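The values are calculated or read from the model by the stated rules, or taken from the named source; none is laboratory data. Predicted, not measured: the structure shown is a model, and the values here were computed from it. When we count neighbours, we look across all protein chains shown, and the Cβ atoms used for this are built from the backbone with ideal geometry, even at glycine. Keep in mind that these areas ignore ligands, DNA and RNA; they rest on the heavy atoms of the full protein, side chains included. Shrake-Rupley method; radii C 1.70, N 1.55, O 1.52, S 1.80 Å.
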Amino acid sequence: WYWQKEKRDPYVKFMEANYPPGFSYEDFGPLFTAEFFDPNQWADVLKASGAKYVVLTSKHHEGFTLWGSKYSWNWNAVDVGPKRDLVAELATSVRNRTDLHFGLYHSLFEWFNPLFLEDATNVFKTRKFPTSKSLPELYEIVTKYQPEIIWSDGNGNAPDTYWNSTGFLAWLYNDSPVRDTVVTNDRWGVGSICTHGGFYTCSDRYNPGHLLPHKWENCMTIDRRSWGYRRNAQLDDYLTIEDLVKELVETVSCGGNLLMNIGPTHDGRIAVIFEERLKQMGAWLKVNGEAIYGTKPWRAQNDTLTPDVWYTFSPKEGRVNAIFLNWPASRTLELGEPQAKPGETQVKLVGYKDLLKWVALGEKGIVIVLPQLTPKQLPCQWGWTLQLTGIN
């Protein structure tokens, strides 16, 4: 897109300097080799991250499918490059080795597909592209791989009527093999984003910081600058685990899910830095998962007195979880939101055995005394959870 459509100078120059004259985007096909792709190792890393679902990009805006689609002749991973059905391999490994829900991302439009460009020229009065390419692919991946999440993207500035999104979704929810389990997002044509769909995505890297009335997802990337793999990325370009824990906690407290993107390499590897971030997140969730999984938003999302304190509510246990991101030097944490009840309220630090001492701050608010711990004794290194029971 930057090289051939927008013709951005650095991209054009890079291609001229590093590739033979007349090299086309299609010539990258055979260079996508995936020789190190080990779906079992991927599944193990995904499981270790503490994630509950995974969404693989089955086809992005340039139309190359990661399965041997009969609607993408000679422009798919079975005919060109890896010569493997990457969707099938990952789906099998994820299902055999983990309890993650397997999902697929699919781009409705394709930047340079001549049929799409013809329809666009006709102001979408003709529908050659969706009927011969996009919709058949969607039916194909659902029937073949039975994904439990369909993550649609790339409306190409065309309305949902052009894509026949409602027709496809009616089939998906009523007649498809995943009709009882499938979940979809909100990118099904102009005007549908943040308005229709099982969960809203609203925009990339969406984090409103307040409660939304509908289930939503924050889809963001560990590499601040790219959704794909960048060979020239610097360490500073990657979010730290502290950044990611903060993103997760803010998102969940406001009723959202976090979709954390990683870009694999052309030879099929999850780069070591991504693997480390995923495993760090898994280590954090091993300790603090009760404050995340199966929770609902509380009446307050963040604290009014102390910054970087976010709340979730565990309905089964009737418990308020206060996740604080900075360990106070004074060892006392003031919370402005909880209304404590003398003789009833109990405060526990997750990963520490004894109950904590606390004092009520009048009608509303509580001061909690944290234990004196060495760095090695801390339950985890980034972000800690207080469990409050017997709170008004």
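Result for the chain in a Gaussian network model with C-alpha springs under 10 Å: among Ala158, Ala170, Ala300, the largest mean-square fluctuation is at Ala170. Taking the chain as a Gaussian network of alpha-carbon nodes connected by springs under 10 Å, the highest mean-square fluctuation of the residues Pro342, Pro130, Pro147 belongs to Pro342. The alpha carbons of the range 296-389 stretch over 34, 27, 25 Å along the principal axes, in descending order. The gain in end-to-end length when the Val190 to Val272 segment is fully stretched comes to 25.7 nm, 0.36 nm per residue minus the alpha carbon separation. Sorted from greatest to least, the principal axis extents spanned by the alpha carbons of the range 301-355 come out as 30, 26, 23 Å.
A simple count of charges around Arg230, restricted to other residues whose Cβ falls under 11 Å of its Cβ and scoring Lys, Arg +1 and Asp, Glu -1, yields +1.
The modelled label-to-label distance for the pair Asn257/Asp9, using points 7 Å beyond Cα in the direction of Cβ, is 4.4 nm.
Keeping the other protein chains in place, figure out the carbon and sulfur percent of the accessible area of the chain, with a 1.4 Å probe. Don't skip to the answer; put the middle values down first.
On the way: 10220 of 19160 Å².
Exposed carbon and sulfur together represent 53 percent of the surface.
Where both residues lie in the range 1-160, what percent of DSSP beta bridges are antiparallel, nearest 5? Can you show the working numbers first?
Details: 1 of 13 bridges.
Around 10 percent antiparallel, to the nearest 5.
By the Cβ rule of 4.7 Å, the chain holds the following cysteines without a possible disulfide partner: Cys219, Cys254, Cys380.
In square nanometres, what is one fourth of the surface area of the convex hull spanned by the alpha carbons of the chain? Please report the intermediate quantities before stating the final value.
Details: hull surface 87.5 nm².
Convex hull of Cα atoms, orientation-averaged projection: 21.9 nm².
Taking only the C-alpha atoms of the range 61-147, the Rg (one decimal) and the largest Cα-Cα distance, Dmax (whole number), read 14.5, 48 Å. Axis of helix 241-253 versus longest Cα principal axis of the chain: the two differ by about 80°, to the nearest ten degrees.
Tell me, what is the FRET efficiency for Glu118 and Glu334 to the nearest 0.05, using R0 = 56 angstrom and their Cβ-Cβ distance as r?
Working: r = 64 Å, r/R0 = 1.14.
Plugging the Cβ-Cβ distance into 1/(1 + (r/R0)^6) gives 0.30.
Applying a threshold of 25 Å to the alpha-carbon distances of Lys215/Lys341; Lys59/Lys144; Lys52/Lys296 flags Lys215/Lys341 as lying beyond it.
Only beta bridges with both residues in the range 17-110 are counted; by DSSP, about 10 percent of them are antiparallel. Provide the net charge surrounding Phe129, with neighbours chosen by a C-beta distance below 15 Å and charges set as Lys +1, Arg +1, Asp -1, Glu -1. Taking every other residue near Phe129 into account, the sum is -1. Per-residue ellipticity at 222 nm, computed for the chain from helices alone with -39500 (n - 2.57) per DSSP H run of at least four residues, works out to -7000 deg cm²/dmol.
Rg then Dmax, both in Å and based on the Cα atoms of the range 96-205: 14.1, 48. Relative contact order of the range 48-170, taken over Cα pairs closer than 8 Å and 6 or more residues apart, is 27 percent. Once the 1.4 Å probe is applied to the protein heavy atoms, the chain comes out at 49 Å² accessible per residue. Counting DSSP beta bridges with both partners in the chain, what percentage is antiparallel, nearest 5? Around 55 percent of the beta bridges assigned by DSSP in the chain are antiparallel ones. Specify the angular offset, from 0 to 90 degrees and rounded to the nearest 10, of the alpha carbon long axis of helix 39-48 from the longest principal axis of the alpha carbons in the chain. Tilt of helix 39-48: around 20 degrees.
Once the Cα atoms are used to define both axes, helix 86-97 deviates from the longest principal axis of the chain by about 30 degrees. In this structure the amide hydrogen of Asn257, modeled in the peptide plane, comes within under 5 Å of the amide hydrogens of Trp216, Glu217, Asn218, none closer than 5 places in sequence on its chain. Taking amide hydrogens as placed 1.01 Å from N in the peptide plane, the amide H of Ile149 sits under 5 Å from those of Gly103, Leu104, Val183, each at least 5 positions away in sequence or on another chain. The distance between label points at Tyr173 and Asp354 comes to 5.4 nm (points 7 Å beyond Cα on the Cα→Cβ vector). Each Lys or Arg adds one and each Asp or Glu takes one away; over the other residues whose Cβ falls under 14 Å from the Cβ of Val369, this sums to +1.
Based on C-alpha pairs under 8 angstrom that are at least 6 apart in sequence, the range 9-291 has a relative contact order of 18 percent. Couplings 3J(HN,Hα) of the range 126-137, computed from phi: 9, 9, 5, 5, x, 6, 9, 10, 5, 5, x, 4 Hz, in residue order, whole Hz [Karplus 6.51 cos²θ - 1.76 cosθ + 1.60, θ = phi - 60°; x for Gly and Pro]. The dipole here belongs to the chain: it is taken about the Cα centre, uses +1 on the Cβ of Lys and Arg and -1 on the Cβ of Asp and Glu, and is about 640 debye. Working from label points 7 Å from Cα in the Cα-to-Cβ sense, the Asp79 to Tyr229 distance is 2.4 nm.
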